[in-house]
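The values are calculated or read from the model by the stated rules, or taken from the named source; none is laboratory data. Keep in mind the model is a prediction, meaning the values are calculated, not measured. With ideal geometry, Cβ positions are generated from the backbone for all residues, glycine too; neighbour counts draw on all protein chains shown. Accessible surface areas use protein heavy atoms only, side chains included; no ligands, DNA or RNA. Shrake-Rupley method; radii C 1.70, N 1.55, O 1.52, S 1.80 Å.
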Amino acid sequence: MRRYDIITSKLYTKRAQTDNFFWLQCIAADKYAAFRIPVHITVMRNYDKERHGGRMEQFRLIWQYIRRHKWQYIGGIITLFTLDFANLYIPKTTGVITDGLAAHTIDRNGVLYNIGIILGIGLTLAVGRFLWRYFLFGAARAIEHELRDDLFRHLETLDVEYYNEHKTGDLMTRFTSDLNAVLIAIGPAVISAFDAVVMTVMVIAQMMLYVNLKLTLAAVVPMTLIAFGELYCGKLMQARFQERQEALSELTDFVQESFSGVRVVKAFVREQSQIKAFAQANAKAKKKNLRIAQLESIVIPLLDVVIGVSSLLTLLYGGYLVLTGEITIGRFVAFNQYIMMLVWPMIACGDAINSFSRGGASIKRLQEVFEQQPEIADGEHMACVEGLKGDIRLNHLTFLHRGHSEPTLKDISLDIKAGTTLAVIGRTGNGKSTLVNLLLHLYNTKRGMIFLDGRDINDIPLKTLRENIAYVPQDNFLFSDTLKSNIAFGTEDEEMDEIVRATKTACIHENIIAFPDGYDTIVGERGVTLSGGQKQRSSIARALKKDAPILILDDALSAVDTDTEERILQNLKENRRGKTTILIAHRISTIQNADRILVLEDGEAKECGNHKELMALGGIYKEMFERQQLEAAKNLAVSTL
């Protein structure tokens, strides 16, 4: 979805022009969803221009990279031009030898001299072809490298909302298949296009000036059909190639999800179902590929027919001119060689148009990524903040997720002093994770709602904010690397003393040293070789290694047994003195010793206090506590049977 599109439920828009801005006002069924978005007129015009722009608009992105390597392109094109010019002398020299032999005007030395010229030209062509490949292919590979780097760097700046709306498989296809199509368009296709144009012009000029104008026109006119046919097919190719890339993205995403969720597939015995679903996605991709193949299968026979007609006209009319004495037999031989030299430019022209069409479709898909701008970014006048102490204040915090009609959090006010342990509890879907995501500034909030150390969160540089918060998310994501590297991920060093200290605090050290490779154990993709509890404790160790003023544990102890949980909580209490800790949990046993406990219900702060105060209140917290106690008693009774 483009950043200019507004997609919500139950919304309608009003558009009004004010000074240099369009105001898009989206009004929903309730007051929380009403907001106004200023969109600069220039942006709107650029959007309209993009929608209706021609083919050259698609290459605007790539032009900035080509300019960086212009001297390599210039060197390659000059070399190619020189080679095309030298290539023209081979048919001409052959014609001289033929006429000389026919008229008995050339001796053995003359033949050897002309053969030597042909050999010299061949040597020049060999060296030149190496040089233009070195220049042009080198430039194309360098651009591919820079473009891939810039694409990844740009994706790293985008908000989590973008990744919620775009699939991994689609992004992977853009990184691989689309970039490869762009590489071909700016490398081999450029060579083919330039070589085809220059060679065609030079050969036709030589045919007209050296041989015969009428014969040249008779042979070349049929070839103009190829140009018109290739231009028409190029437009069709671009549309079909974009459809193919989209089908490939869907296929890649399906495969990626299937492999990532292979344990779920096997647990539910859904292998055959997945195979059938893959076959459907694969068949769709095959259908799109066949549409491209069908188009290509029309072009090649058309090319053969036109070249055949041109050759036939050359033989008939050229033979007639030889018989009438208008041209010599040597020049007729040279002319036939020139005709054969035009075969490659015709093929190259078709390949170039095909490659440019595919590259244009792929560049358009890459543009869609580059056009996405992060909604969360540092402003022009950010506060100079070197670090945070850990004071947090929520002031009537209200937050509405994109596309929702009801706010996730409603009017929450809370003061958290540095060094406080705050626990957040509530039923699933009541906004606990959203609250910590707002503290990490993963979503935008209005000014005046969240303050850290007395500063509005919107005035704190993102780098500073996130460097001072250690976060353990629910999914406990681990990279396919060693345990040591995973635990040290949030810091610049891998000092073992600090890593061991963190793992001991997280009660995972004993498990790690029991592995054959210890801290050098490769955990596999997403930590697949570890148990759920081991992954959670490794994630906790990674956060503790960062030693940040604020620590957030988002349901990070759910897969840990109660004894280990108690040990971890005790270690946190000892090691986090004077630092702010936020615990999110469903089990009251996890958070009952916290300094303050916030109870969320339907996105609202229903209760707040310590365990003793909330129990005395006799509200939601007490009800949850008694229910969990009853469930624990039932489980104990069952286990003793």
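Being in contact with a helix residue (DSSP H, G or I) (Cβ under 7 Å, 6 or more places away or on another chain) and open to solvent by 50 Å² or more (accessible area, probe 1.4 Å) is true for just one of E257, E250. Which residue is that? Break it down stepwise before answering.
Numbers: E257 fails: in contact with a helix residue (DSSP H, G or I) (Cβ under 7 Å, 6 or more places away or on another chain).
After ruling out the rest, the residue left standing is E250.
Of the residues making up segment 192-203, those that are closer than 18 Å to V309 by Cα and without any contact (Cβ under 8 Å) to a residue 24 or more places away in the chain number 0. Looking only at residues in segment 70-105 that are touching an Asp or Glu at 6+ places or on another chain (Cβ under 8 Å) and open to solvent by less than 60 Å² (accessible area, probe 1.4 Å), the one that is farthest from Q206 (Cα to Cα) is L80. Considering segment 491-572, the qualifying helices (runs of 4 or more DSSP H), each wholly inside and each with 2 or more residues that are open to solvent by less than 30 Å² (accessible area, probe 1.4 Å) and either in contact with a Pro (Cβ under 9 Å, 6 or more places away or on another chain) or under 21 Å from T590 (Cβ atoms) (or both), run over 496-505, 532-546. A count restricted to segment 573-609 and to residues that are open to solvent by 10 Å² or more (accessible area, probe 1.4 Å), part of a helix (DSSP H, G or I) and in contact with a strand residue (DSSP E or B) (Cβ under 7 Å, 6 or more places away or on another chain) stands at 1. Looking at R358, R291, R365, just one residue is surrounded by fewer than 19 Cβ atoms within 10 Å (Cβ to Cβ), within 41 Å of the chain's Cα centre (by Cα) and basic (K, R), and that residue is R291. Based on what the data block shows, is H396 within 29 Å of the chain's Cα centre (by Cα) and at pLDDT 80 or above? Taking the combined requirement at face value, the residue does not satisfy it. Can you say whether K266 is under 26 Å from the mean Cα position of the chain (by Cα) and either open to solvent by 80 Å² or more (accessible area, probe 1.4 Å) or at pLDDT 75 or above (or both), as far as the supplied structure shows? Judged against the criteria, K266 is not a match.
Does segment 370-380 include one or more residues that are in contact with a helix residue (DSSP H, G or I) (Cβ under 9 Å, 6 or more places away or on another chain) and buried (at least 18 other Cβ atoms within 10 Å of the Cβ)?
Step one: filter segment 370-380 for residues in contact with a helix residue (DSSP H, G or I) (Cβ under 9 Å, 6 or more places away or on another chain), giving 370-379.
From what's left, buried (at least 18 other Cβ atoms within 10 Å of the Cβ): 372.
Checked segment 370-380: at least one residue is in contact with a helix residue (DSSP H, G or I) (Cβ under 9 Å, 6 or more places away or on another chain) and buried (at least 18 other Cβ atoms within 10 Å of the Cβ).
Looking across segment 312-334, the residues that are part of a helix (DSSP H, G or I), out of contact with any Gly (no Cβ under 6 Å at 6 or more places or on another chain) and open to solvent by less than 30 Å² (accessible area, probe 1.4 Å) come down to T314, G318, G319, L321.
Identify, from the list E380, E406, the residue that is under 30 Å from I469 (Cα atoms), out of contact with any strand residue (DSSP E or B) (no Cβ under 8 Å at 6 or more places or on another chain) and without any contact (Cβ under 8 Å) to a residue 60 or more places away in the chain. Outline the logic, then answer.
Details: E406 fails: without any contact (Cβ under 8 Å) to a residue 60 or more places away in the chain.
Among E380, E406, only E380 is under 30 Å from I469 (Cα atoms), out of contact with any strand residue (DSSP E or B) (no Cβ under 8 Å at 6 or more places or on another chain) and without any contact (Cβ under 8 Å) to a residue 60 or more places away in the chain.
Annotation: Y338 fulfils all but one of (1) at pLDDT 80 or above; (2) farther than 30 Å from N468 by Cα; the unmet one is (1).
If the condition is being of a type in the set (V, I, T) and free of Cβ contacts under 8 Å to residues at least 12 places away in the same chain, then segment 74-105 contributes I74, I78, T105.
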